[in-house]
Amino acid sequence: MLRRILLALIALGLLFGATFYAAGAGWLGRHEGPGRVAEARFPDEVREERRATLSSASASIGAPEAKQVLFGDLHVHTTFSLDAFLFSLPLLAGEGAHPPADACDFARFCSGLDFWSINDHAEGLTPAHWNETVQSIRECNEAAGPPEDPDVVSFLGWEWTQVGTRPENHYGHKNVVLLHTDDENIPTRPIAMRQPPDAPVRQLAGGSVFGGAMFALLNRDSRTLDFNTYTQERLAVPTCPDGVPVRELPTDCLESAETPGALFEKLRDWGHPALVIPHGTTWGFYTPPGSSWDKQLSQEHHDPEIQNLVEVFSGHGNSEEYRSWRAVEFDAAGTARCPFPTRDYEPACWRAGEIIRERCRAADESEAECETRAGQARQHYVDGGVAGHFAVPGATGADWLDAGQCRDCYLPSFNHRPASSAQYMLALGDFDGGPKRLRFGFMASSDNHKARPGTGYKEIDRPGMSESLGPVPSERNPLRTEPGEPLPASVPVDPNNLPGFGLGETERVGSYLSTGGLIAVHAAGRDRQAIWDSMQRREVYGTSGDHMLLWFDLLNGAEGPAAMGSEVVLGRNPTFQVRAVGARKQLPGCPEWSEAALTPERLASVCRGECFHPSEERKLITRIEVVRIRPQMQPDEPIDELIDDPWLTRSCPADPAGCVIRFSDPEYSKLGRETTYYVRAIQEPTDTVNGANLRCDRRRDGSCRSTEMCGLVEGDCLAAAEERAWSSPIFLVPPS
C-alpha cells in the first residue's frame, strides 16, 4: 500500500513537473494570431460630410482648398510587440490580445483617421508574425475601398528600438514606414536592433519558464501561457549572418542593424521607398543622462533622403522644447558630475543627495558626514545613468518630488533630455567636411501599444487610451521594483547591468503618459501616393491629439508662396501667414454608422465604447506662437542663444471660424544667415489625461513641496491643458 502511494506521488510529481515545463516552454499556449478585419464598409456619406466640413472651414479663413488635410498615426503597436504583449497580461491588469486587425478596425470605426501605420518592435517579430502583419495590412487596405479613394490608408512598417547604456552608444528609437505593401516592393523581413545576450526578450523568456508558468498554472491564466509561447517562438528564430547582402539572407532569420548608419545602409540596399522617423528623442526613462543628437548629425548616421521627419509629440510626452539645463554635466576630462539646481530645474542626482542628507540627519550623524554622504549619493546617481534612482535604497516616487522634470514644458516627456529635442536638432550644425543641417518636418503620433491608432480624439479611459498601467497592485507588477529599506547612505549602480523592463520609475513615469498625438498632411488626394508625397516634401504638421487645422506659408518666396516644410533661398525679409482652426468638439458615444459596423462587444473591446463623434461646434484658437531658430554657423556657437521660443506671440479673436495672422522678420536680411521658423497654434484649455503630470504643490519659488502622482491610481487624472498643433518648419537660406 505504501509503495502504491509513493508511486502515485512520484507519478503526480512527474506529471506536475512535465506540465510545469511544458507551460514554461510555451507548449501549452496558443500562437498570437493577427485577428480578422471587419468587412463592413465605411459610409460614403460620412466621408463626404468630412470633406464638406473641411472645405467650409478652409473657406472661412481663406485657406487654399487644392489640398486636403488628412489625419493619421504613424506609431502604432499591437500585441505582436513584446512590451505590448506583456502589458496585455492579467497580472498587469491587461486587456488581452489586440492584434493587427484591431488596429485596422480602430482606425476606421473608432478614431476617424485617414491613414495609419503599424510599427511593432522588430526585435520581437518572428518571420511568421511579420508575414501575418503584411497580410493583415493588405486586408485592411482591401476593406477600405478603392485605392484611389479609400476610407483609410494603412501603411506597413516596424520600429527599430535601440537603447544605449552611455551617451556615446545611445541612438534611440526610430519608426520605419514603407510606401508599398506588395512582396516585390517591401523587405523580406523587418530590420531589428541587434540584441545583446541580456536583452529583455531573453530575460522575460527565461523568467517565463518559472515565474510565468507558475502564475499561469495556479491562476488558470491561459494568456500568460500564450506569452510563454510567444517568447519561445521568438527565441527559436536564428540571427541572420553578418556581411551578407540583404537579398541573399535566409528568409527565416532575424535581420539586425546595430546603428542608424547600418539601418540606413540596409534600407538603401533593399532599395524600396521608406521613411525613417526618430521618436522619443527626449524620453529620459531610457535615454542616458548627457545624451545629445550631435553624433547623429553625420554622414554615417543621418540620411536626409530617408529620414526627413521627427516625432515631436506622442503618448510619452513632448520632445519639441529645448532648455539650457542638463541632468548631468561633464568636466574637462569628460567625467560626468551632478549640476547644481536652478529655479527652473532640480537634477535628479541632486535630489538623490538631498534624500540621503535627510536620512543621515535623522540617523543623528554629523553634518560633515551627511554632506559627504550627499555628495556620494549625487555621484552614485550620475554613475548609474538611467538606473541612477537605484542608488537611493528605499526611495519612493514621492521622495523624488519633481526632480529631473521640465517644470515649464507643455506635457513634457519624463526626465526630459533637452539636448535631443527637436529645437536642439534644428539649431545644430556639423562642421566636419562642411556645415550640415537637419531639415526635419514635424509630426506627432500616439505610440499606442493596444492597437489603437489615433487615441487622442477624446480624453477618456487613461489605462485604455494611454500607456498608463492603471491601478496594478505592486505585488503583481513585475515592472515595479520594490524600494527596499531606506538606508541613510547611497549604493553604487552598475549601468551595464540594467534590470530590463523593471528599469523605469513606474509610478512617476505613469504621470507623464497622455493619449498621444496625430500627424496631419496637406495632400492632393486621399490615396497612398498623395499622402506619401506630402510626407516626402514635409508638408505635414503634428497635433497633440485633436483634429486641428493648420496652414503655415511663406508669402514672398522667390518663386511664389511656399508651404510648411519648404527650403527656400531668400535674400529679402520674409513675410509669413498662419491660418488655424480649432478642432470640433466631441459628442459622447459613437455615431450610428460605427455602431452598425461593429458588434456591441467589439465596439466595447476595441473602441472602449467611445468613438470620434464630432459636433458642429469648434474649440477656439487662443494664440499663435512663432519659434525662430538660427542654426549654428560655427561649432562653438552656444545653442541657447540660437533658439527664440517664442520669438513672437499673437493673440487670436474668440472666433470659432479660426485665426489668421501675418508677420515678418525685419532682422533676417541683416543677419545674413540661415534661419528656421515654425509655429504653434494653441487651443483653449480643456481637460486632458495627465494634464498636470505629477500635480505638484509648489512653493512661491516654484519648487515642489509634494506630489499627487497619477501613475498607478484609478481615474483619468484630468487637468486643464492647452492642446496644440506644431507646423513643420520653413527653412530660409540667404543667397550667399
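Read-outs: derived from the displayed coordinates by stated rules, not from any lab. As the structure is a prediction and not an experimental result, all values here were calculated from the model. We place every Cβ from the backbone using ideal geometry, glycine too, and count neighbours over all the protein chains shown.
Could you work out how far apart the two model spin labels at Thr342 and Asp294 are, taking each label as a point 7 Å from the Cα in the direction of the beta carbon, and quote it in nm?
So the label points at Thr342 and Asp294 sit 1.8 nm apart.
For segment 368-402 and segment 430-459, what is the separation of their C-alpha centers, rounded to whole Å?
A separation of 33 Å, based on Cα centres.
Please state the relative contact order of the chain as a whole percent: Cα pairs under 8 Å, 6+ residues apart?
Once normalised by length, the contact order is 15 percent.
Using the basic label-point model (7 angstrom from Cα toward the beta carbon), what is the Thr372 to Asp701 distance in nanometres?
2.8 nm
For segment 509-515, what does the Karplus curve 6.51 cos²θ - 1.76 cosθ + 1.60, with θ = phi - 60°, yield as ³J(HN,Hα) per residue in whole Hz, taken in order and with x for Gly and Pro?
Along segment 509-515, the couplings run 4, x, 7, 10, 9, 10, 7 Hz.
Quick check for you: which residues of segment 46-64 have the amide N under 14 Å from the point 7 Å beyond the Cα of Ala657 toward its beta carbon?
Taking a point 7 Å out along Cα→Cβ of Ala657, the residues of segment 46-64 whose backbone N falls under 14 Å are 56-63.
Taking the Cβ of each residue in Val689, Val246 as the centre, tally the other Cβ atoms inside 10 Å and list the residues starting with the fewest.
Ascending number of Cβ neighbours within 10 Å: Val246, Val689.
Between Glu708 and Arg361, 0.36 nm times their residue separation minus their Cα-Cα distance comes to what?
Extra length from Glu708 to Arg361 when fully extended: 122.3 nm.
With a Förster radius of 56 Å, plug the Cβ-Cβ distance of Ser615 and Glu248 into 1/(1 + (r/R0)^6) and report the FRET value to the nearest 0.05.
Efficiency for this residue pair is about 0.50.
Summing Lys, Arg as +1 and Asp, Glu as -1, what charge do residues with Cβ under 13 Å from the Cβ of Met465 carry, Met465 excluded?
-3
If R₀ is 45 angstrom, what is the calculated FRET efficiency for the pair Glu184 and Asp644, using the beta carbon separation as r and rounding to 0.05?
About 0.40, to the nearest 0.05.
Could I have the simple spin-label model distance between Leu2 and Lys670, label points 7 Å from Cα toward Cβ, reported in nm to one decimal?
For the pair Leu2/Lys670, the computed spacing is 10.5 nm.
What net charge do the residues around Asp151 carry, taking every other residue with its C-beta under 11 Å from that of Asp151, with Lys and Arg at +1 and Asp and Glu at -1?
+2
Distance from the Cα centre of segment 268-287 to that of segment 574-636, in angstrom?
24 Å
Quickly estimate the mean residue ellipticity at 222 nm for the chain, helices only: each DSSP H run with n ≥ 4 gives -39500 (n - 2.57), and the total goes over all residues, rounded to 500.
-7000 deg cm²/dmol
Please give the FRET efficiency for Thr599 paired with Glu329, using the beta carbon to beta carbon distance and R0 = 45 Å, rounded to the nearest 0.05.
Efficiency, from the Cβ-Cβ distance: 0.20.
Using a 7 Å offset from Cα along Cα-Cβ at Ala524, what residues in segment 147-162 end up with backbone N under 18 Å from the label point?
Once the point is set 7 Å along Cα→Cβ of Ala524, 147-150 turn out to lie under 18 Å by backbone N, inside segment 147-162.
Taking amide H positions as placed 1.01 Å from N in the peptide plane, with prolines and chain starts having none, which residues 5 or more places from Asp430, or on another chain, fall under 5 Å of its amide H?
Excluding prolines and chain starts, which carry no amide H, the hits are Lys436.
Between beta-carbons, use under 11 Å as the cut-off and find the net charge around Gly35, counting Lys and Arg +1, Asp and Glu -1.
Surrounding charge for Gly35 is -3.
How long is the chain along each principal axis, judged by its Cα atoms, biggest number first, in Å?
Sorted from largest, the Cα extents of the chain read 100, 71, 54 Å.
Quick one: 3J(HN,Hα) in Hz for segment 392-402, Karplus 6.51/-1.76/1.60 with θ = phi - 60°, rounded, Gly and Pro as x.
Once θ is set to phi - 60°, the couplings for segment 392-402 become 10, x, x, 6, 9, x, 5, 5, 7, 6, 10 Hz.
Whole angstrom only: what separates the Cα centroid of segment 527-553 from the Cα centroid of segment 126-183?
First find each Cα centre; the distance between them is then 19 Å.
Enumerate the amide H contacts of Glu255 below 5 Å, restricted to partners 5 or more residues apart or on another chain; note that Pro and chain-start residues carry no placed amide H.
Those qualifying (amide H under 5 Å, at least 5 residues apart or on another chain) are Ala192, Cys240.
Among Met443, Met425, which comes first, second and so on when ranked by fewest other beta-carbon atoms within 10 Å?
Ranked by crowding around the Cβ, least crowded first: Met425, Met443.
Across 10 Å bins from 0, what is the distribution of all Cα-Cα pair distances for segment 555-620, in whole percents?
Pairs per bin, as whole percents: 17, 26, 16, 17, 17, 7, 0.
Most exposed first by the Cβ proxy, i.e. fewest other Cβ within 10 Å, how do Ser534, Ser60 rank?
Going from least to most buried by this count: Ser60, Ser534.
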